[in-house]
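Visitor: This structure is in structure tokens; I'll ask about it shortly.
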Amino acid sequence: MTLTTKRLTLRPFREDDVEALYAYSKDEAVGLGAGWKPHESLLESSDILHLVFLDQPTVWAVERTADRRLMGSIGLITDSARQYGSSRSLGYALGVDYWGQGYMTEAARETVRFGFAQMGLDLISATCYPDNPASRRVLEKCGFRYEGMLHRAELLYNGEVKDHLCFYLPHEAAQNLDWYAEK
């Protein structure tokens with residue numbers, strides 16, 4: 001399934017995305033902001049492409065429509081904190097060159113719209129680190145509500161233990177957001 005916005009195409013990952021995946025995933029700022037180790041080689045990106053991104057029906061490559069440049073990823077994945085089938089967790093990563101231009105907010109809104117309208121979800125959650133204000137701002141622009149902090153929630157690859165800021169968006173609240181009805 002492919003989703004489109006004004007400037008973006010959210011499409012399934014393909015085998016030939018490995019170089020673009022590596023290009024944005026090797027950057028330490030991207031990895032640390034998203035909670036994973038920066039990729040060290042094309043081979044590592046290829047392995048991750050196969051393990052995490054390929055053949056996942058609700059994980060998309062974020063591509064700028066104008067030049068077909070793959071800029072990042074976004075997906076609705078299992079919410080490990082909620083034990084029922086009508087919720088998912090929103091996760092995303094974006095290459096540094098594309099930060100601050102509204103791309104991830106645009107992609108997240110379309111992904112949320114898909115989750116509620118096509119998947120029949122009743123709640124979408126998301127987390128970010130306290131030291132990632134840009135990610136928090138994406139969630140706030142999408143209407144997510146702050147739920148609280150989960151202390152010492154994650155052990156990173158480098159041994160650092162991070163807290164999670166937890167957010168949620170129920171379907172009934174999303175329906176009242178200005179951007180939700182735009183499309």
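Visitor: Considering every residue within region 82-92, establish whether at least one is of a type in the set (Ser, Thr, Tyr) and touching a Lys or Arg at 6+ places or on another chain (Cβ under 7 Å).
Guide: If we filter region 82-92 for residues that are of a type in the set (Ser, Thr, Tyr), which is where we start, we get 84, 86-87, 89, 92.
Next, only the ones that are touching a Lys or Arg at 6+ places or on another chain (Cβ under 7 Å) stay: none.
Checking region 82-92: not a single residue is of a type in the set (Ser, Thr, Tyr) and touching a Lys or Arg at 6+ places or on another chain (Cβ under 7 Å).
Visitor: I've got another one for you. Could you grab me the full set of residues in region 32-51 that are closer than 28 Å to Arg152 by Cβ and either in contact with a strand residue (DSSP E or B) (Cβ under 7 Å, 6 or more places away or on another chain) or not aliphatic (A, V, I, L, M) (or both)? Working first, answer last.
Guide: So the first thing to find is which residues in region 32-51 are closer than 28 Å to Arg152 by Cβ, and the list is 32-40, 44, 48, 51.
Once the filter is applied, which keeps residues that are closer than 28 Å to Arg152 by Cβ and either in contact with a strand residue (DSSP E or B) (Cβ under 7 Å, 6 or more places away or on another chain) or not aliphatic (A, V, I, L, M) (or both), region 32-51 yields Gly33, Ala34, Gly35, Trp36, Lys37, Pro38, His39, Glu40, Glu44.
Visitor: Taking the stated definitions as given, is Val112 under 17 Å from the mean Cα position of the chain (by Cα), surrounded by 15 or more Cβ atoms within 10 Å (Cβ to Cβ), modelled with pLDDT of 95 or more and not in a helix (DSSP H, G or I)? Please lay out each step first, then the result.
Guide: Working: under 17 Å from the mean Cα position of the chain (by Cα): yes; surrounded by 15 or more Cβ atoms within 10 Å (Cβ to Cβ): yes; modelled with pLDDT of 95 or more: yes; not in a helix (DSSP H, G or I): no.
Taking the combined requirement at face value, the residue does not satisfy it.
Visitor: So which residues in region 131-174 are surrounded by fewer than 12 Cβ atoms within 10 Å (Cβ to Cβ) and aliphatic (A, V, I, L, M), if there are any at all?
Guide: Across region 131-174, the qualifying residues are Leu155, Val161.
The values are calculated or read from the model by the stated rules, or taken from the named source; none is laboratory data. Just so we're clear, the structure is a prediction, and the values are computed from it rather than from any experiment. So basically every Cβ, Gly included, is an ideal-geometry build from the backbone, and we count neighbours across all protein chains shown.
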